[in-house]
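Chemist: Take a look at the following structure, please.
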Amino acid sequence: MKIFLNQISPEGVVVEEQAGAAELDISSDVLVLEGPVGIRATVNRITNAVTVDMELYAKIREVCSLCLEEFKVDFRKGIQFNYAVNAPDLSIDLNQDIREEMILDYPMKPLCRPDCKGLCPGCGKNLNEGGCSCATAKKTTL
Ligand SMILES: [Zn+2]
Ligand SMILES: [Zn+2]
């Protein structure tokens, strides 16, 4: 997303846009987007200071760190950016900052659900789908 300084009227401006992974320079080994990122920015300028109140919406595909199942997360974040602008500047490029905010929020260990049971270390079965024979064997020895 680029905001042109001459776009910003004295009472501010609201810019809505959709930005794809390529535009935001988000490669799929960092973060997998399901469709473009929705951006809604309220932009205000006071002399050389530009304030951008931004809301980001996206669907992100994550892989559970315990059971390795893919799942989708609704990403939603409100951020405020402040920029200093000088006379020769014609526009502000927000893509780099949007990218960083999104990557910053990506969990180190994604979980498909808070109580994910993960995979059985014995047979590798996804224990969210039910117990395996290892579990019952363990139970009888206890
Ligand atoms: Zn899981
Ligand atoms: Zn098992």
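The values are calculated or read from the model by the stated rules, or taken from the named source; none is laboratory data. These numbers were taken from a predicted model, which means no experiment stands behind them. Cβ coordinates were reconstructed from backbone atoms using ideal geometry, including for glycine residues, and neighbour counts include every protein chain displayed.
Matching residues to (1) assigned to a strand (DSSP E or B); (2) assigned by TED's automatic domain parsing to the domain that holds Ser9; (3) within 16 Å of ligand 1 (Cβ to nearest atom):
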| position | (1), (2), (3) |
| --- | --- |
| Thr51 | yes, yes, no |
| Met54 | yes, yes, no |
| Arg61 | yes, yes, yes |
| Leu66 | no, yes, yes |
| Lys72 | yes, yes, yes |
| Ile79 | yes, yes, no |
| Ala87 | no, yes, no |
| Arg99 | no, yes, no |
| Met102 | no, yes, no |
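Chemist: Report yes if some residue within the range 64-73 is closer than 19 Å to Leu24 by Cα and not charged (D, E, K, R); otherwise report no.
Modeler: Within the range 64-73, one or more residues are closer than 19 Å to Leu24 by Cα and not charged (D, E, K, R).
Chemist: Would you be able to say whether some residue in the range 115-137 is within 16 Å of ligand 1 (Cβ to nearest atom), buried (at least 16 other Cβ atoms within 10 Å of the Cβ), without any contact (Cβ under 8 Å) to a residue 40 or more places away in the chain and among the hydrophobic types (A, V, I, L, M, F, W, C)?
Modeler: Scanning the range 115-137, I find at least one residue that is within 16 Å of ligand 1 (Cβ to nearest atom), buried (at least 16 other Cβ atoms within 10 Å of the Cβ), without any contact (Cβ under 8 Å) to a residue 40 or more places away in the chain and among the hydrophobic types (A, V, I, L, M, F, W, C), so the answer is yes.
Chemist: Further question on the same structure: Filter the range 111-142 for residues that are modelled with pLDDT of 95 or more and either within 30 Å of Met1 (Cβ to Cβ) or among the β-branched types (Val, Ile, Thr) (or both) and give the result.
Modeler: none
Chemist: Being touching a strand residue (DSSP E or B) at 6+ places or on another chain (Cβ under 7 Å) and not β-branched (Val, Ile, Thr): is that true of Ala49 here?
Modeler: Here the answer is yes, as Ala49 does meet what is asked.
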